[in-house]
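Okay, so here's the structure we're looking at.
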Amino acid sequence: MHPLSPRRFGPGIELLRAVGAEPGLAPEPASDEELARLHSPEYIATVRRISAEASAATGASGRRAARLASAPEAGIGPGDDPAFPGMHEAAATVAGGSIRAVEMILRGDVEHAFHPGGGLHHAMAARASGFCIYNDVALAIARARRDGLRVLYLDFDVHHGDGVQALHYTDPGVMTISFHESGRSLFPGSGFVDEMGEGTAAGTSVNVPLEPLAGPDAWLAAVVAVVPPLAAAFGPDIVVSQHGSDGHFWDPLAHLSLTTTVQGEAARIVDLITHLYSRGRWLATGGGGYAVYRVVPRVWALTWLAGAHRETPAALPEVWRAKWAGDAERWHEAPLPETFDDAAGLPPADSISAMASERAKETVDLVRTALVPALLRVAGDRGWWRFDDPAAATTTGAAPAAEAPPATGAREAAPTLIALLDPAQLDRFRLAPRVMAPFDPAAAKEILRNALLDGAVATAAVAGDWLVGVTLAAPSPIEGVDRLVALGVASEWRRRGVAASMLHALIGETDRRNRALVAFHTVAERDPVDPLPRALRRGVAEKLALGAAMTSRPAPDRVVAVDRYAFVAVHLPPAATPALHDRIGEWLAGL
Ligand SMILES: [Zn+2]
């Protein structure tokens with residue numbers, strides 16, 4: 001039996017109907033032109049030919065079928081992706097479903113859409129892989145990109161979303177975040193933290209690989225720690241998510257040992273994120289899942305319920321259970337559970353899962369250190385902002401005012417430096433876009449205000465009514481040490497020495513307070529809309545630091561291992577004691 005069996009559609013679709021989902025229309029297959037946005041024309045032709053040959057071979061001649069089975073071509077053949085009659089049409093129809101769903105969202109016909117048959121995230125430009133022929137999710141993303149939208153892709157399947165990552169690896173307008181079992185123990189063998197995107201897109205491929213038996217708590221904690229701040233930093237116009245249910249402890253193909261409960265929680269987090277950061281625009285898809293009676297239908301239902309903003313019913317419908325009990329028994333999935341969420345205490349934890357869960361914390365910490373802007377990490381830690389505050393979500397969502405330009409006419413004059421920004425001054429100015437994280441300037445200004453009230457020190461540059469540059473130093477956990485958590489200038493004002501003057505003034509202030517200033521530069525510190533290539537970005541940051549009497553040091557080894565351009569800049573006050581030196585050295589070594 002092929003693991004992505006059509007068997008799973010019966011119980012899955014019926015449970016969706018039972019909780020209230022109305023099936024949409026059967027989608028048209030994607031056209032060759034649509035497929036060719038990401039797949040090579042040669043590959044599409046090969047799939048079409050093999051598909052037709054397989055159809056012909058189901059007649060009298062077994063010889064051609066045998067020839068087809070002897071050698072894989074473009075990934076199709078013996079193994080995960082066997083040829084089957086109508087293969088092209090079936091795969092193109094799944095792709096068509098995801099593309100059409102995005103088009104409905106773009107037109108505003110619906111806010112959220114769920115395509116349970118989608119999520120074929122392994123397919124590559126010219127190769128089938130892992131049961132996937134055409135990459136419907138990557139094609140849906142490409143459709144949104146055609147309209148210039150910024151896309152956040154979230155992948156909860158137990159396998160790395162390698163195809164989606166690869167197909168958008170050089171596009172800074174697509175951020176992919178994948179939570180999966182480590183490639184060391186599971187197909188497709190990729191998805192490590194150091195796969196971060198290329199060129200200007202460095203920092204937009206995010207991978208959270210977890211060890212076998214990491215379990216539901218560690219998995220959900222990873223989602224909560226990574227998704228909301230990165231969504232806030234990136235500022236998506238639409239979210240596409242893949243809800244493979246193969247991470248479940250009953251799934252036969254993998255070992256993360258998750259529950260339907262946390263899968264449902266993750267879907268609710270995605271729903272919230274879309275209302276906070278992408279005006280509600282959200283396409284959810286299914287994905288892998290091979291426990292087709294006990295797990296897949298429940299995860300589909302929980303995903304749909306999250307998007308429908310409905311409570312999870314107390315129990316699975318008796319009628320549904322009665323109907324599928326016999327089939328479940330036959331396929332060794334009996335007894336069927338009674339509830340959508342898994343019973344508390346399942347799966348049982350042991351010493352291996354405890355170790356895997358510890359490792360997960362380290363991985364999440366590394367991902368956050370390298371990929372979440374320092375300001376947002378500190379803002380979360382110090383309570384300056386909540387990135388998943390349900391109270392902040394509205395039905396229309398916050399449309400990030402990304403492109404509001406500073407007032408014209410003010411551009412010609414040099415900006416004025418404010419050597420020490422106080423909270424009362426903030427009300428007089430509007431914060432220009434892309435001066436500091438997060439993406440939405442209104443949220444950034446609120447963070448800045450709360451930071452100043454919490455004892456952080458800022459310098460700024462103003463032009464007219466606009467704050468066009470900000471530096472911010474926040475108290476660190478180390479006595480006598482501040483951390484540079486923001487240093488940014490609005491795009492119209494860059495390359496005029498504004499950053500250098502602000503940093504110089506900031507260091508004057510920390511010197512006066514006899515405090516050291518430490519800055520961590522990683523791939524996270526970039527303009528999300530117009531990022532510089534990675535090496536250039538580091539060069540600019542380092543030159544700026546050295547020009548402001550900071551010294552450059554290597555970042556901690558574990559950070560450099562995933563981001564080789566990472567570095568640390570340190571400035572010591574004139575009256576620095578040897579003890580201060582030591583404390584900073586210990587701090588950096590321990591990070
Ligand atoms: Zn919603």
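The values are calculated or read from the model by the stated rules, or taken from the named source; none is laboratory data. What you are looking at is a predicted structure, and each value in this text was computed from that prediction instead of being measured. Cβ placement follows ideal geometry from the backbone for every residue including glycine, while neighbour counts extend to all protein chains displayed.
Here are the numbers:
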quantity: Conditions (1) surrounded by fewer than 23 Cβ atoms within 10 Å (Cβ to Cβ); (2) under 25 Å from H168 (Cα atoms); (3) away from the ligand (no atom under 16 Å from the Cβ); number of the one not met by G286; calculated: (1)
quantity: Exclusive hit being within 19 Å of G235 (Cβ to Cβ) and either in contact (Cβ under 8 Å) with a residue 24 or more places away in the chain or touching a Lys or Arg at 6+ places or on another chain (Cβ under 6 Å) (or both), set S501, S491; calculated: S491
quantity: Elements of type strands (runs of 3 or more DSSP E) in segment 171-279, at least 3 residues being within 16 Å of the ligand (Cβ to nearest atom) and of a type in the set (A, V, I, L, M); calculated: 238-242
quantity: Test: residue in segment 303-314 that is surrounded by fewer than 23 Cβ atoms within 10 Å (Cβ to Cβ), away from the ligand (no atom under 16 Å from the Cβ) and either acidic (D, E) or closer than 22 Å to A123 by Cβ (or both); calculated: no
quantity: Number of positions in segment 150-170 that are out of contact with any Pro (no Cβ under 9 Å at 6 or more places or on another chain), in a loop (DSSP other than H, G, I, E, B) and buried (at least 24 other Cβ atoms within 10 Å of the Cβ); calculated: 5
quantity: Flag if P3 is at pLDDT 75 or above and part of a loop (DSSP other than H, G, I, E, B); calculated: no
quantity: Filtered residues of segment 343-369 (kept if free of Cβ contacts under 8 Å to residues at least 24 places away in the same chain and within 18 Å of Q263 (Cβ to Cβ)); calculated: A343, A344, G345
quantity: Sole residue being modelled with pLDDT of 95 or more and surrounded by fewer than 24 Cβ atoms within 10 Å (Cβ to Cβ), chosen from I273, I269; calculated: I269
quantity: Residues of segment 466-500 that turn out to be in a strand (DSSP E or B) and surrounded by fewer than 20 Cβ atoms within 10 Å (Cβ to Cβ), as a count; calculated: 1
quantity: Selection from segment 538-569 of residues that are over 25 Å from E362 (Cα atoms) and either among the small types (G, A, S) or in contact (Cβ under 8 Å) with a residue 40 or more places away in the chain (or both); calculated: G539, A541, L544, A545, G547, A548, A549, M550, S552
quantity: Residue match in segment 249-271 (condition: under 23 Å from A443 (Cα atoms) and in contact with a Phe, Trp or Tyr (Cβ under 8 Å, 6 or more places away or on another chain)); calculated: yes
